[in-house]
Amino acid sequence: MSGKLYGYHRKVADINLSLMNYRVIELPEYLYKAFIGGSGLGVALLIKYVSIHTDPYGSDNTIIYLVGPLTGTLAASTARFAVVSKSPLTNLLAEGTAGGRFGPLLKKSGFDALIIRGKADKPIFILAYDGYIEFKDASSIWGLDTFEATDIIKRDLGLNDIEAAVIGPAGENLVRYASIVCEKGRLVGRLGQGAVMGSKNLKAVVVGGERNPEVFDDDKLRNKYVELVKRLSKTYIPLRVYGTQASVASLLEFSDTPVKNWSLGMWEEGQEKFNWDNVNKTYRIRRRACPSCPIACEGVMEHDEEGRVKAPEYETMAVFGPMLLIDDLKAIADFNILVNKLGLDSISTGSAIAFAMEAYEKGYIDESLGIIRWGSIDDVRRLILDIAYRRGKLAYLLGEGVSRAANLLGAEELAVTVKGLEVPMHDPRAAFSSALMYATQPRGGSHTDFTYLNELRGLTIPEIGVDRQLDRFTTVDKADLVIKMQNLSALADSLVFCKFGLLGGITVSDLIDFIRYVTGWDINSKWIHEVGSRLFNLKRLFNIRLGVSNKDDKLPKKLLTPLKEGSAKDMVPDLNKMLKEYYKLRKWDERGYPTREAIDDILYDYLPDDYKILIK
Ligand code: SF4
């Protein structure tokens, strides 16, 4: 390994909102080499600040914005950043990443990370720019939606080339799954980091500047990028053509897309509306790319009121479409814009509404709480607004998340969550690896390890040993698949690399080249697995310290109940069998705790004593 640390500033801003001050700290080199950046470094830092006693909405919770060594360089598909905290939705790790301009501009601000602690006594936003931090009054934009607030912040600051990560009314009103919104459509979502910002009176984090750290070999990096762009220009890449939007129709065929709150395995009446012609002309009038990405997977649409905006992605289409029995693409686009403006996570919002529709149908919710009918566009629009503003009992309840709402209504059998997080739009009955992925993912019910793409689409990644497509309805080799994909994913979220890149023709070998040219590290695919495993175990230990054990590695009843129709009819994954194999391969004990053998010396030496005593 090279003696100098390339790709990093080695500077982190430690910001205290209670005192309205900050200090710049220099992290030791070994921390970067051990935990890389992004969510990995974020959790390594968070360990020092957050415990089981930390109230996610208390001033003692900490939220950390991070970039990685590749962010802001010519390494393809790396315009991305991460945000970690303790989640108000799950009381466990909140981690998330988002693409677009914010990541590279955070890098240019001169900081590898912004550690934000305490609570401001009035609404503020933070400006991180060219090596300094400023606290700005946000009283006049508190209450505004994310689109309005973004426009005003940018206009009033009058600085060139800045980007803002903003919360909307949902974050201010502490909806437990409130998101952080960049560029009016790129979100850090799922686990309520937007609400953590709201609890701190922090409306936005704004970044920019001109400081980029030196890379190890600029010429090789540039040549590699040019060669990759050339190669991809000659390659047929379905993700580039179809985005994620074509997947609703095809994944409904697999019964992977859930229908009617996970109750049905097909939706003949609605499916036709999601055909490619309709989707293409409504959602993809042109394509858009994140900086430094030759794939350009995002769809841009023309919206009647907002003009050209980012079109909904697969997850949003599925959750506001088949999950609610709505087949109107324009209405789904309206919901997408609405949740982005309000700063809500689309998967959790749509899932909460689907849960409410079924609970209403089955009598758990009576009319005094509210009327919410399958397929009603008006009911959904009203409920989205009410959730964000916490108006009315039902919406308030749904803003607490599906698990809490189900407990209070006695409707646990209708809730589809894992570790308190609403499960995304991939049914484990249609691809058994998803069952294991959900049960063991540090975020809870999260799909971002993409294991099901091996079973459903034949995705292989030979460099990490995922070299053949597995049968979707068996448990054989699923533990091995899930571990390999999770380790790769943990590393990607730390670099920070967009995992869609792997679906768009960028190989792990390309990624290794990029890491080498940026950092100068002499690495190979074995390093990917070793570091990925370290980062994954770190996150597991973080959650264990917050109370997680084997008893939480489970799926809700609905996902273990056979579907009565569709191509996954009568199929139910044997989760316990896969978990047993998974624990064995991960070298976790019967409690679901990593053993000393599972943890390398680098991680073990870093862990505080209260973590070490957990490890046998
Ligand atoms: S693959 Fe898509 S989401 Fe990922 S960096 Fe490229 S344009 Fe952005």
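The values are calculated or read from the model by the stated rules, or taken from the named source; none is laboratory data. Owing to the predicted nature of the structure, the values given are computational and were not obtained by experimental measurement. Backbone-built Cβ (ideal geometry, glycine too); neighbour counts: all protein chains shown. Ligands, DNA and RNA are excluded from the accessible area calculation, which covers all protein heavy atoms including side chains. Shrake-Rupley method; radii C 1.70, N 1.55, O 1.52, S 1.80 Å.
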Sites ASP366 and SER263 - FRET efficiency at Förster radius 30 Å, r taken between beta-carbons, to 0.05
0.90
Here is the link list: LYS108/LYS310; LYS220/LYS526; LYS224/LYS612; LYS393/LYS499; LYS48/LYS107. Which ones come out longer than 32 Å on Cα distance?
LYS224/LYS612; LYS393/LYS499
Gyration tensor (alpha-carbon) shape descriptor, the stretch 53-95, a/c threshold 1.5:
prolate
Estimated 222 nm signal from helices in the chain, with DSSP H stretches of n ≥ 4 weighted -39500 (n - 2.57), rounded to 500
-11000 deg cm²/dmol
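Beyond 20 Å, what share of the Cα-Cα pairs of the stretch 127-230 remains, rounded to the nearest whole percent?
Above the 20 Å cut-off, the stretch 127-230 has 48 percent of its Cα pairs.
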For the chain, the per residue accessible area (1.4 Å probe, Å²) is 35
Convex hull of the chain built on C-alpha atoms - directionally averaged projected area, nm²:
24.3
When the Cα atoms of the stretch 433-612 are enclosed in a convex hull and the volume is divided per residue, what value in Å³ results?
120
For VAL466, other-chain or 5+-apart residues with amide H closer than 5 Å (H placed, Pro excluded) are ILE461
Along the dipole axis of the stretch 328-486 (charges at Cβ: +1 for Lys and Arg, -1 for Asp and Glu; origin at the Cα centre), the most positive-end residue among LEU369, TYR396, ALA415 is TYR396
Show me the trypsin sites (Lys or Arg not before Pro) within the stretch 164-250 that DSSP assigns to loop and that have at most 10 other Cβ atoms within 10 Å of their Cβ.
LYS234
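I need the shape label for the stretch 11-208. Rule: rounded when a/c is under 1.5, else prolate if a/b > b/c, else oblate, with a, b, c from the alpha carbon gyration tensor.
Numbers: a/c = 1.36, a/b = 1.08, b/c = 1.27.
Rounded is the answer for the stretch 11-208, as its axis ratio a/c remains below 1.5.
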For the stretch 236-415, taking Cα atoms only, what is the radius of gyration to one decimal and the Dmax to the nearest whole Å?
16.6, 54
Set Lys and Arg Cβ to +1 and Asp and Glu Cβ to -1, take the dipole of the chain about its Cα centre, and tell me which of VAL531, ASN340, ALA79 lies farthest positive.
VAL531
Which one, ASN212, ALA128, VAL248, projects farthest toward the positive side of the charge dipole computed for the chain from Cβ point charges (K/R +1, D/E -1)?
ASN212
Cα convex hull of the stretch 3-109, projected area averaged across orientations, nm²
7.4
Only helices at least 15 Å long along their own axis, judged from Cα atoms, and with Kyte-Doolittle mean hydropathy of -1.0 or greater: name those in the chain from DSSP H.
146-157, 329-342, 346-361, 377-389, 478-495, 508-519, 525-545
